[in-house]
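*Asks:* Got a structure for you, questions after.
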Amino acid sequence: MSNHLSERINNLAPSATLEMAAKARELRAEGKDIIGLSLGEPDFNTPDYIKEAAIKAVNDDYNSYTPVDGYAELKKAIITKFKRDNNLSYSPSQIVVSTGAKQALYNVAQACINKGDEVLLPCPYWVSYSDIVKLADGVPVEIATSIDTDFKMTPEQLEAAITPKTKMLWYSSPCNPSGSIYSKEELRALADVLKKYPQIIVVSDEIYEHINYGVTAHASMAEFDDMYDRTVTVNGVAKAFAMTGWRIGYIGAPEYIARACNKLQGQVTSGANCIAQRAVITALEEPVSRIQYMVDKFSERRVLILDLLNNIDGFKCNEPEGAFYVYPDVSAYFGKTLNGTKINNASDFSMYLLENANVATVTGDAFGNGNCIRISYAASEKEITEAVSRIKAVL
Ligand code: PMP
Ligand code: GLU
């Protein structure tokens, strides 16, 4: 009865990452030995010291509605984190805690975008950006990049994409899916372009900040005085703290945007889960060194998977500097027929790997770049080695 549904929902694409993960789960339930490298989810458990904070919160009877924009103590911990890690100063009225960074992004889109406003998305971008923008009646404008610039947008490309309708620029650094990181100098060069267009608001998604392999230091757009008042810094605990299911994300933003997000949330969720919020206070207050063991593991796996993939003909990989994805260009396979299956594009290629190698990946089309597929290496060394060996065998 889809004719009873709104145009809005009928036009909405399902999340390709979650859809692929669901498909892998289904096939596994049918008894297939699927290795899931589609979902960006750490294979670690939430650290014990964070779990204990949640258990304590349950026993301490944290069970009522929280302030819509988050507990005051959590906002304080976020403010301290922003100062400690990013040299950013925010006041409590500039912080909003949400149900994941995903909802934080949704809030910002709803708060800032009017019908027809253009939102610049350097490609590849995180899968949900374009649909979140479309849900707000905005127009995603893709800025193509390639492996030759490490999938990073140049200032010239940014300037060329700006029109009188441009309202926002959204990017993630470290980038999901390419793992690229904009250095402070590169961000400054982009800011120099934006300086000429004061109507443009920037969304800087820094959720992979701590998953950084030490090549390029993390930098925030809001660190520049001339960008601070028009940058929304998005972050969350899902990735670095292995807390995907706890669903806590947050923003530091110009006060008028934070207030708008708070108002929206007040009508939509009444705020994020109380126990998860209490646990995140501990996650953020403890030294970042406590989660380094996970980053070290991701770092070893990155070397492993790059080594293995670079041994397959037709895979061209950039060297990810952060996050836990590789984003190989597999366009060399397009037009070929593999075991009777014609590969026309990245979706065909990803599906071929699922059906023939029992390995779940995500098509690059979902991230605005059709030459690549995304492979998550937040999996065990054994799974990574077996997955790549299976991929090699079916190619
Ligand atoms: N931004 C990026 C770049 C992501 O990869 C993700 C996926 N977790 C999110 C935002 C959303 O994060 P959360 O799970 O906190 O909603
Ligand atoms: N962000 C993760 C990913 O890109 C989780 C899935 C999602 O939230 O869409 O795979």
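The values are calculated or read from the model by the stated rules, or taken from the named source; none is laboratory data. Here the structure is a predicted model, which is why all the values come from computation and not from measurement. Counting neighbours? That spans all protein chains shown, and the Cβs are built from the backbone with ideal geometry, glycine included. To get the accessible areas, we keep the full protein, side chains included, count just its heavy atoms, and leave off ligands, DNA and RNA. Shrake-Rupley method; radii C 1.70, N 1.55, O 1.52, S 1.80 Å.
*Asks:* From (1) more than 20 Å from Glu142 (Cβ to Cβ); (2) assigned to a loop (DSSP other than H, G, I, E, B), pick out the condition that doesn't hold for Arg188.
*Replies:* The failed condition is (2).
*Asks:* Among residues belonging to segment 69-121 that are of a type in the set (D, E, K, R) and under 22 Å from Ala219 (Cβ atoms), point out the one that is surrounded by the most Cβ atoms within 10 Å (Cβ to Cβ). It would help to see each step written out before you state the result.
*Replies:* Of the residues in segment 69-121, the ones of a type in the set (D, E, K, R) are 69, 73, 75-76, 81, 83-85, 102, 115, 117-118.
Adding the requirement that they be under 22 Å from Ala219 (Cβ atoms) leaves 81, 83-85.
On the way: Lys81: 20, Lys83: 12, Arg84: 13, Asp85: 16.
For segment 69-121, the residue satisfying everything is Lys81.
*Asks:* Find the helices (runs of 4 or more DSSP H) located wholly in segment 64-145 whose residues include 3 or more that are under 25 Å from Tyr197 (Cα atoms) and either away from ligand 1 (no atom under 16 Å from the Cβ) or in contact with a Leu (Cβ under 6 Å, 6 or more places away or on another chain) (or both), and list them. It would help to see each step written out before you state the result.
*Replies:* Details: elements: 72-86, 100-112, 128-135.
Counting at least 3 such residues, we get 100-112, 128-135.
*Asks:* Okay, moving on. Out of the residues in segment 146-166 that are part of a helix (DSSP H, G or I) and free of Cβ contacts under 8 Å to residues at least 24 places away in the same chain, state the one that is farthest from Ala109 (Cα to Cα). Break it down into steps so the answer makes sense when it comes.
*Replies:* Step one: filter segment 146-166 for residues part of a helix (DSSP H, G or I), giving 147-149, 155-161.
Among the residues that remain, those that are also free of Cβ contacts under 8 Å to residues at least 24 places away in the same chain are: 148-149, 156, 160.
Details: Asp148: 31, Thr149: 28, Glu156: 25, Ala160: 23 Å.
Filtering first and then ranking leaves Asp148.
*Asks:* For segment 209-240, which residues satisfy the criterion of being within 16 Å of ligand 2 (Cβ to nearest atom), open to solvent by 10 Å² or more (accessible area, probe 1.4 Å) and in contact with a Phe, Trp or Tyr (Cβ under 9 Å, 6 or more places away or on another chain)?
*Replies:* So the first thing to find is which residues in segment 209-240 are within 16 Å of ligand 2 (Cβ to nearest atom), and the list is 209-211, 234-240.
Going one step further and asking which of them are open to solvent by 10 Å² or more (accessible area, probe 1.4 Å), we end up with 209-210, 238-239.
Across segment 209-240, the qualifying residues are His210, Ala238, Lys239.
*Asks:* Every residue in segment 1-58 that is closer than 21 Å to Ala378 by Cβ and in contact with a Leu (Cβ under 8 Å, 6 or more places away or on another chain), please.
*Replies:* Result: Thr17, Leu18, Met20, Ala21, Lys23, Ala24, Leu27, Ile34, Leu39.
*Asks:* Select the helices (runs of 4 or more DSSP H) contained entirely in segment 202-298, then report the ones holding at least 3 residues which are among the aliphatic types (A, V, I, L, M) and within 28 Å of Leu39 (Cβ to Cβ). Steps first, please.
*Replies:* Numbers: elements: 225-228, 255-268, 274-285.
Where helices (runs of 4 or more DSSP H) fall fully within segment 202-298 and carry at least 3 residues being among the aliphatic types (A, V, I, L, M) and within 28 Å of Leu39 (Cβ to Cβ), they are 274-285.
*Asks:* Could you tell me which of the residues Ile95, Ile113, Ile143 is aliphatic (A, V, I, L, M), away from ligand 2 (no atom under 12 Å from the Cβ) and more than 20 Å from Ile200 (Cα to Cα)?
*Replies:* It is Ile95.
*Asks:* Can you pull out the residues in segment 35-45 that are more than 15 Å from ligand 1 (Cβ to nearest atom) and surrounded by fewer than 21 Cβ atoms within 10 Å (Cβ to Cβ)?
*Replies:* Of everything in segment 35-45, just one residue is more than 15 Å from ligand 1 (Cβ to nearest atom) and surrounded by fewer than 21 Cβ atoms within 10 Å (Cβ to Cβ), namely Asn45.
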